[in-house]
Amino acid sequence: MKSILIAIDGSPAAQEAVAVGLELARDEGAAVTLFHAGSPVEHPATRIPSAHLLYTRPFPEPGDVLAEAAASAQTMGVPYTRLVVQGYAVPEILAAAESTSADMIVVGSRGFGALTGTVLGSVSQAVLKRSLLPVLVVRAHGMREHSAELVPA
C-alpha cells in the first residue's frame with residue numbers, strides 16, 4: 001500500500017479516522033492525502049436538512065481540521081498532502097481517491113443507525129457502496145476508543 005485518502009469533516013468520528021488512518025499509513029510506509037469536501041453553496045429555499053444538523057458542536061473550518069491532521073501526520077513521520085474541494089462529500093471523496101491514486105479510503109462514521117442514515121444519508125455508507133477501493137470505516141465510540149471495519153472492494 002502506497003497511498004491512503006483520509007476524509008475529514010471535523011467530527012469526532014473523523015478525528016478518530018485520522019488517528020487510525022495515520023497509524024495504518026505509518027505501519028505500511030504509505031503517504032496520506034488529508035481530504036475535506038466543503039459543502040457547496042446552496043440557495044436557502046432549496047436547502048434540505050442534513051446530518052450535520054444532528055451534530056451539536058460547531059464544525060471547525062476546513063483549514064483548522066486539516067492543520068490538526070497535518071500536525072499529527074508530521075509528528076508521526078507520515079508523508080502527507082492536503083486537499084480541499086467544494087462539493088458534495090461522496091462524489092468528491094471518490095474523485096479524490098481516483099485522482100490521487102489512493103489504494104484505500106479511510107472515513108469516519110458517526111453511527112446514526114439504519115433509520116437516520118437512510119433518511120439523512122450516510123457518507124460512509126455511500127462511499128462503501130460506490131467505491132472500487134477498499135474502505136476503512138472508523139466508527140465513533142468515544143474519543144479514546146475506536147473500532148474499525150475494513151470492507152474490501
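The values are calculated or read from the model by the stated rules, or taken from the named source; none is laboratory data. It should be emphasised that the depicted structure is a prediction, and the values quoted were computed from it without experimental measurement. Reconstructed Cβ throughout: ideal geometry from the backbone, glycine too, with neighbour counts over all protein chains shown. Only protein heavy atoms, including side chains, enter the accessible area calculation; ligands, DNA and RNA are left aside. Shrake-Rupley method; radii C 1.70, N 1.55, O 1.52, S 1.80 Å.
Within the stretch 1-16, being modelled with pLDDT of 95 or more and within 21 Å of Glu92 (Cβ to Cβ) holds for Ser3, Ile4, Leu5, Ile6, Ala7. If the condition is being open to solvent by less than 70 Å² (accessible area, probe 1.4 Å) and either over 13 Å from Thr81 (Cα atoms) or out of contact with any strand residue (DSSP E or B) (no Cβ under 8 Å at 6 or more places or on another chain) (or both), then the stretch 26-42 contributes Gly29, Ala37, Gly38, Pro40, Glu42.
Among residues of the stretch 76-101 that are under 11 Å from Ile6 (Cβ atoms), those with a Cβ under 8 angstrom from a residue that is of a type in the set (Lys, Arg) and surrounded by fewer than 16 Cβ atoms within 10 Å (Cβ to Cβ), sequence gap 6+ or separate chain, pair up as Val78/Arg26.
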